[in-house]
Amino acid sequence: AKNSGKNCWKFYDADMQAAAYEKMLLTNSLRRAVENNEFELVYQPQVNIADGVIVGFEALLRWNSPEHGIVSPARFIPLAEQNGLIRAIGTWVLQEACWFARRLADNGWGNIGVAVNVSPKQLCADCFIDSVRDAVHNAGILPNQLEIEITENVMIASLKESISKLEELQSMGIRLALDDFGAGYSSLTYLQQLPVQTLKIDKSFIDMILVAGSKKTIISTIVDMAHLMEMTVVAEGVETEVQLEYLAKSHCDFAQGYLISRPVPEKEALQFLAHR
Ligand code: C2E
Ligand code: CA
Ligand code: CA
Ligand code: CA
């Protein structure tokens with residue numbers, strides 16, 4: 001085995017060994033990926049359910065590896081978090097997304113937001129706030145064009161520290177969204193303490209709309225609660241007209257999903273805007 005430095009190899013069965021080896025190969029490639037510019041952002045529009053107008057885009061990271069093909073962020077983000085590469089990658093994502101926001105503004109769409117995903121590990125890093133400030137400043141955008149999406153896992157890590165960082169971002173004028181709401185350890189206690197303006201309802205709830213007998217009324221409960229807390233609500237993973245209609249009836253504000261568009265490269269995102 002290549003990993004002779006770790007003598008725990010012998011305890012692995014063949015499958016685990018293959019998985020660990022694959023992970024090591026991916027990690028090595030990931031190291032080079034940052035220098036070799038193998039990343040790309042794609043953008044998924046978010047629309048106002050009431051009138052179909054595009055209000056924002058979520059930036060989603062793609063890794064096109066010469067060795068491994070297109071690797072899902074769900075697979076490589078956790079690796080990048082383990083070996084610290086997440087900082088370099090996250091900084092790149094922030095800069096790239098802010099430049100996209102700048103090009104939107106230059107085309108007269110400065111009111112359209114760009115949302116960036118940030119993992120708990122990223123938020124915890126000392127340099128995080130500075131890298132956000134730099135990205136906004138270098139691209140010359142208004143801070144409120146940038147939205148940062150965090151998940152509830154952020155609070156489990158260290159609630160106090162996370163909240164103070166989020167408050168600092170908010171005081172800079174950056175918008176904050178709580179992603180995947182309802183998927184994890186959702187707690188109303190947390191929600192009330194978090195300085196977020198946007199709540200993104202997890203796709204698992206949106207899927208329930210299509211399931212007969214499911215407790216889909218929870219959606220309008222979440223929407224009403226968020227509105228009482230002066231948050232706007234985005235439904236994630238909207239794939240059908242039936243879902244969109246149900247969300248409209250539930251007074252959900254915005255929708256995002258394959259029904260409207262898959263995540264697309266910048267050029268298509270701009271064309272999409274021009275033609276709507
Ligand atoms: P997420 O933030 O919850 O992003 C939504 C995911 O759902 C995206 O997957 C998106 O392509 C997919 N999606 C959107 N609409 C639909 C739909 O109608 N149906 C279905 N089936 N899927 C839909 P993606 O791009 O593979 O990203 C997966 C996860 O990776 C993201 O989940 C996010 O947690 C993470 N991620 C992506 N980009 C970044 C990034 O730049 N930084 C960090 N830290 N994490 C990222
Ligand atoms: Ca997200
Ligand atoms: Ca999500
Ligand atoms: Ca997710």
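The values are calculated or read from the model by the stated rules, or taken from the named source; none is laboratory data. These figures come from a predicted structure and were not determined experimentally. With ideal geometry, Cβ positions are generated from the backbone for all residues, glycine too; neighbour counts draw on all protein chains shown. Surface areas here come from the heavy atoms of the whole protein model, side chains and all, with no ligands, DNA or RNA. Shrake-Rupley method; radii C 1.70, N 1.55, O 1.52, S 1.80 Å.
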Of the residues in the range 161-199, those that are among the polar types (S, T, N, Q) and within 14 Å of ligand 4 (Cβ to nearest atom) number 1
For the range 131-150, check the following and say yes or no: at least one residue is within 16 Å of ligand 1 (Cβ to nearest atom) and either open to solvent by 30 Å² or more (accessible area, probe 1.4 Å) or at pLDDT below 90 (or both). no
Looking across the range 42-85 at residues that are free of Cβ contacts under 8 Å to residues at least 24 places away in the same chain and part of a loop (DSSP other than H, G, I, E, B), the single one that is surrounded by the fewest Cβ atoms within 10 Å (Cβ to Cβ) is Asp51
Among strands (runs of 3 or more DSSP E) completely within the range 153-258, the ones holding 1 or more residues that are more than 19 Å from Pro120 (Cβ to Cβ), open to solvent by less than 40 Å² (accessible area, probe 1.4 Å) and within 16 Å of ligand 3 (Cβ to nearest atom) are 198-201, 232-235
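Okay, residues lined up against (1) within 16 Å of ligand 4 (Cβ to nearest atom); (2) farther than 30 Å from Asp253 by Cβ; (3) of a type in the set (A, V, I, L, M, F, W, C):
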| site | (1), (2), (3) |
| --- | --- |
| Pro45 | no, no, no |
| Leu60 | yes, no, yes |
| Val71 | no, yes, yes |
| Gln82 | no, yes, no |
| Cys98 | no, no, yes |
| Ala115 | yes, no, yes |
| Ser119 | yes, no, no |
Residues of the range 28-41 being in contact with a strand residue (DSSP E or B) (Cβ under 7 Å, 6 or more places away or on another chain) and in a helix (DSSP H, G or I), in sequence order, are Ser29, Ala33
Note on the range 223-261: residues touching a Gly at 6+ places or on another chain (Cβ under 7 Å) and not acidic (Asp, Glu) are Gly237, Val238, Gly257
Selection from the range 86-104 of residues more than 14 Å from Arg133 (Cα to Cα) and open to solvent by less than 40 Å² (accessible area, probe 1.4 Å) yields Ile86, Ile89, Phe100, Ala101, Leu104
Quick count over the range 7-64, residues being among the polar types (S, T, N, Q), modelled with pLDDT under 95 and either within 16 Å of ligand 1 (Cβ to nearest atom) or under 18 Å from Ala235 (Cβ atoms) (or both), is 1
If we keep only residues of the range 109-134 that are small (Gly, Ala, Ser) and touching a strand residue (DSSP E or B) at 6+ places or on another chain (Cβ under 8 Å), then the residue nearest to Val42 (Cα to Cα) is Ala115
